[in-house]
1. Greater than 29 Å separation of Cα atoms is the criterion. Which listed pairs, A:61/D:195; A:12/D:158; A:2/E:60; C:81/D:158, meet it?
2. Hey, what's region E:2-102 come to in accessible area per residue, 1.4 Å probe, Å²?
3. With each pseudo-label sitting 7 Å past Cα toward Cβ, what's the residue B:36-residue D:25 distance in nm, one decimal?
4. Please give the FRET efficiency for residue D:68 paired with residue A:88, using the beta carbon to beta carbon distance and R0 = 41 Å, rounded to the nearest 0.05.
5. State, as an integer percentage, the relative contact order of chain D based on alpha-carbon contacts under 8 Å between residues 6 or more apart.
6. Can you give the calculated 222 nm mean residue ellipticity of the protein assembly as shown, where each DSSP H run of n ≥ 4 adds -39,500 (n - 2.57) and the sum is split over every residue, rounded to the nearest 500 deg cm²/dmol?
7. Applying the Karplus parametrisation 6.51 cos²θ - 1.76 cosθ + 1.60 with θ = phi - 60° to the phi angles of region A:114-120, what ³J(HN,Hα) value in whole Hz is obtained for each residue in order, glycine and proline being reported as x?
8. Once phi is turned into ³J(HN,Hα) by the Karplus curve 6.51 cos²θ - 1.76 cosθ + 1.60 with θ = phi - 60°, what whole-Hz value does each residue of region C:6-17 show in order, with x for glycine and proline?
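The values are calculated or read from the model by the stated rules, or taken from the named source; none is laboratory data. From a predicted model like this one, the values you see are computed outputs, not experimental measurements. Counting neighbours? That spans all protein chains shown, and the Cβs are built from the backbone with ideal geometry, glycine included. These accessible areas exclude ligands, DNA and RNA; they are computed on the full protein's heavy atoms, side chains included. Shrake-Rupley method; radii C 1.70, N 1.55, O 1.52, S 1.80 Å.
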Amino acid sequence: MKMSLVVRTTTKLMSPFLVAYAAYLMIYGQMSPGGGFQAGVILAVSVVLLIVSHGYRSVKKRFKMREVGAIEGVSALGLVLLGLAGMLFGGFFYNFLKGWWSGGTVVLFNIGVGLKVGAAFVLVFYVMLRWVESD
Amino acid sequence: MGLRERIAAVIIALALALLLLQLDYSRSGFGSYSYYVSNWRDVGVPNLVTAIVADWRAYDSLGEATLLFTAVTGVYLLLGGKKK
Amino acid sequence: MNEGTLLTGAVMVLTLTSLLLTYRVLFGPTTPDRIVGVNTITTKAVVMLAIFAVVRGEYYLLDLAIVLLMVNSVGGLIFAKYLERGGAID
Amino acid sequence: MHFYLKEHLEEMRRRVLYEQYRAQKIPVWERIALTWGVLFPFWLIVSGSTAPGNLVIGAITTLIISSFMRDMLTKDIRPKGSVLQKGLYFLLIYAPQLAIIMMFRILESSVKVARNVIFMDINPGIVKIETDLNSDTGIAVLANSITLTPGTLTLDVKRKLGETYLYVHWIDVETLNREDAGEKIKGDIEEWLKKIFW
Amino acid sequence: MIEYLLLAFGEAIMVLGALGILRFPDVYTRLHAATKCDTGGAMSILIALALMTSAPVLIKLKFLVLAFLIALINPMVSHAIARGAYKYGIKPKVVVDMYAWDNP
């Protein structure tokens with residue numbers, strides 16, 4: 001069900017800023033406590049706002065369910081591969097990029113966790129809204 | 001919800017707030033805390049909480065991610081079929 | 001007067017205000033009244049987080065304030081949608 | 001009969017104009033450039049450092065984001081003129097003026113509501129006003145501005161064949177005439193918005 | 001000096017808004033108090049904080065970004081709640097209701 005025109009347009013105006021903010025939280029996640037998880041929540045919020053205001057069908061045309069599932073699986077696989085790559089240098093999740101930039105592999109880890117959490121929340125919304133929404 | 005339940009809810013919320021205010025938030029001197037505080041500069045991560053969560057306890061965070069993945073898979077298997 | 005003391009006093013005033021608003025959340029005659037109360041309390045919490053960021057000099061609290069604002073907006077919109085359907089989830 | 005025909009023709013012309021504006025869109029790279037021009041300063045403010053590495057990372061990230069979400073912000077911009085002119089006008093002249101106007105309006109409205117709280121001299125009512133704006137973004141910004149101006153709250157928006165009506169909850173009803181109410185509620189905000197959005 | 005004035009103004013406006021939420025008769029007038037007093041008070045407090053702190057300029061601008069987001073989000077949510085409350089079936093205590101004339 002669509003909400004009123006004001007809500008639809010304002011959520012549309014907000015969502016690029018939210019995505020940029022989520023990208024900032026992912027890339028600079030090692031500076032603040034939390035990091036990846038809150039970035040994923042913001043990334044999910046920017047899609048959930050569109051779902052709430054525009055209805056479920058019209059958002060699903062843009063972000064296909066298969067693509068969201070693919071992002072989730074690929075980022076989970078990436079996390080495991082990152083851990084296994086640390087195995088070559090010393091141990092599971094060894095920080096092998098420590099001296100290159102601030103944080104080393106923690107940046108990659110935060111990006112993976114953020115993408116995975118955002119995609120997982122969006123996927124749960126899609127699957128559950130299929131039963132709740134009528135259009 | 002009657003009046004009595006609401007008053008009980010107010011009293012319980014205030015008691016919980018007082019309890020949380022009374023807790024001891026000072027740092028504890030035993031356990032692995034001193035190890036973390038003395039060694040977290042070596043990791044190269046600018047924040048202590050992120051250094052613990054994402055470097056020493058990365059295995060734990062991977063477990064959280066796996067749990068989320070399992071939850072999504074379960075929801076999809078339960079509700080993802082055709083709508084009746 | 002010290003600046004930190006002044007800002008801590010401001011936080012205490014905001015806390016007392018949200019304690020007043022708890023009356024509207026608990027005893028509000030209808031459902032929209034409670035939603036209005038909850039939204040207002042959360043906005044006050046955002047302002048409190050910003051004041052704490054200045055008092056303690058830890059500016060990453062501003063990030064958490066923005067996150068809290070966003071989650072609050074989603075909650076308000078979902079409650080509004082629930083009201084628009086006439087209070088039924090189907 | 002005669003009046004009916006004239007009104008019908010007027011209606012048709014407005015409808016055609018509306019459809020023409022909806023069909024036109026500015027080119028793809030202009031949309032991407034405008035979105036990037038808004039998002040990159042946002043990144044700079046949020047990340048809070050001007051080191052060259054941060055600049056490069058921010059530019060690449062916001063370019064990717066703006067190429068994905070190019071239709072979100074730039075849907076209702078007038079298709080005439082060059083992109084640089086539009087961006088500079090919007091960012092340097094119109095938006096700060098609108099922001100300053102709205103800031104004083106917000107201060108005035110807070111004081112007015114505080115006075116209403118103390119004296120309780122309220123006389124609420126729901127009135128219907130008409131606006132000349134046609135685009136989605138213009139109507140949304142106008143409705144949000146009306147909500148922030150003293151004593152009014154937008155309740156609903158209705159569109160019928162190129163005409164837009166707003167239902168406004170007014171805390172102190174002064175007049176019921178539609179034009180007078182529109183003058184008092186919208187004020188000069190609509191004139192400002194007409195320059196930016198169509 | 002002006003930052004202390006803005007801080008005191010914001011605090012007073014927020015307290016008066018909370019009193020308004022307690023005193024006004026129905027949901028719509030309460031929404032008036034909630035939206036305007038919250039937005040105005042929060043914006044003036046955040047501008048006062050941005051003037052008061054001794055942080056670099058880009059962090060001061062972050063307070064203004066927070067104020068801008070509050071001013072963008074708060075009216076939208078209050079509009080959605082007002083429309084939802086009308087659809088929920090709460091009759092407003094008004095002298096004239098043109099919305100009910102057009103949507104019987």
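1. Working: A:61/D:195 34 Å; A:12/D:158 19 Å; A:2/E:60 38 Å; C:81/D:158 18 Å.
Violating the 29 Å Cα-Cα cut-off are A:61/D:195; A:2/E:60.
2. Numbers: 3320 Å² over 101 residues.
Roughly 33 Å² per residue, with all protein chains present.
3. It is 5.0 nm.
4. 0.75
5. On the way: 190 pairs, mean separation 43.9, N = 198.
RCO, chain D: 22 percent.
6. On the way: 24 runs with 433 residues, N = 611.
Value at 222 nm, helices only: -24000 deg cm²/dmol.
7. Using θ = phi - 60°, the values come out as x, 4, 5, 5, x, 5, 5 Hz.
8. Here the 3J(HN,Hα) series is 4, 5, 5, x, 4, 5, 5, 4, 5, 5, 5, 5 Hz.
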